[in-house]
1. List the extent of the Cα atoms of the chain along each of their three principal axes, largest first, rounded to whole Å.
2. Any chance you could check the Cα centroid distance between region 254-279 and region 294-342 for me, in angstrom?
3. So in the chain, what percent of DSSP beta bridges are antiparallel if you round to the nearest 5?
4. What does the charge count around Cys251 come to, taking other residues whose C-beta lies under 13 Å from its C-beta (Lys +1, Arg +1, Asp -1, Glu -1)?
5. May I ask for the Rg/Rh ratio of region 3-136, computed from Cα atoms with Rh as the Kirkwood radius, given to two decimals?
6. Given Cβ point charges of +1 (Lys, Arg) and -1 (Asp, Glu) and nothing else, what value in debye, to the nearest 20, does the dipole of the chain about its Cα centre take?
7. Which order do the peptides 119-127, 294-302 take when ranked by the mean count of other beta-carbon atoms within 10 Å per residue, highest first?
8. Rank-order 231-242, 161-172, 258-269, 277-288 by packing density, defined as the average count of other C-beta atoms within 10 Å over each peptide's residues, highest first.
Amino acid sequence: MYPKIVCNLDKLACNIKNTVALCHKNNVSVMGVTKAVCAWGDVVDVFIESGIDYIADSRIENLVREFNVEKVLLRLPQKSQIDLVVKHVDISLNSSIETIKLLNNEAIKQNKLHKVILMFDIGDLREGIYYKDDYITVISEIMGLSNIILEGIGTNLTCYGGVIPTKQTLEKLELIGKNIENHFNIDLKIKSFGNSSSIYLFNNFVDFEYFNNLRLGESILLGRETAYGSSIDNMHQDVFLLQAQIIEIYCKPSLPEGEIGMNAFGEKVEFVDQGEMKRAIVAIGKQDVDASELVCLNKNVSIVGSSSDHMIVELKDCEYEVGDVIEFGLNYSSLLSLTTSKYVYRGVKNGK
Ligand SMILES: *Cc1c(COP(=O)(O)O)cnc(C)c1O
């Protein structure tokens, strides 16, 4: 059935193994981030078989399955989901003491220990305690909670502010970590940084001694680092592709005819007259994916536009018939939205 997103499991395994080997060589454990594929079961299985150290996701709904590695909730827990968080995950990233106290109360109720990683904002301005603020009081409060384990500290970069991880930026967190360790005379087990914008650091400086955990999604799934947007050597960029079926092909003018108002999305679109063109309608739409985030794998096919459930493509010098399937490459945004759409089927393959 189509539309279908197809995952090449061999290529995925290769990307995971390469990443794990690179990180382990640098004494860094890897949290495999599955949110961009909604924790698709076949994909998660390959993560585990290929030696990932943790499975991490931002949605609690994606973490209910049991695995033989620890599960990490990336997004700060919502007050309304505290019971699910304690029930389904081993470690959660946190920044508010109020939330951590609620987790403690719930952990007592469920007779469990819950691990937290305290997040620090070192300039990207998404989540975390701002690094110049007082954190020692927060840590002492956490240490006083019976069922909470302070597993470590972490930071997130290149998410909101686009701040690229550098040695100088990460040193801010290193200073905080060492301060906490000295002040309380403890060892923090996890010193976590990440996401896929950090992978380039391995080739640029070796001073990783302090940090020992990296959270990676896109670099593994799509073989791309996200600080500069380049492909990573020895990694596959085509683990996932989209197959969608043609439901109409006609030669039509490129300019709409009649008085032009707004389209189905309330936008006034400007058209350029390119004469008559061979156009196909493909059965996928904005409800599944933003067409501008798809890459036509056949160079003779180009995307003209889309509405809720139809995508129009131009066909040049290529023989397609109604019923044929066209393939598209994906980026992070299209992978995320296609796996989120309940109208998109999923398939797997092996080999090249
Ligand atoms: C999504 C996320 C990651 C992984 O990001 P990628 O760019 O996919 O590598 C890491 N950490 C946190 C907190 C996240 O929310």
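The values are calculated or read from the model by the stated rules, or taken from the named source; none is laboratory data. None of the values given here were measured: they were computed from a predicted structure. Cβ placement follows ideal geometry from the backbone for every residue including glycine, while neighbour counts extend to all protein chains displayed. Heads up: the accessible areas ignore ligands, DNA and RNA and are worked out on the full protein's heavy atoms, side chains in. Shrake-Rupley method; radii C 1.70, N 1.55, O 1.52, S 1.80 Å.
1. Taking max minus min along each principal axis of the Cα atoms, the chain gives 75, 40, 37 Å.
2. Between the Cα centre of region 254-279 and that of region 294-342, the gap is 19 Å.
3. 45 percent
4. +1
5. Ratio of gyration radius to Kirkwood radius: 1.01.
6. 800 debye
7. 119-127, 294-302
8. 277-288, 231-242, 161-172, 258-269
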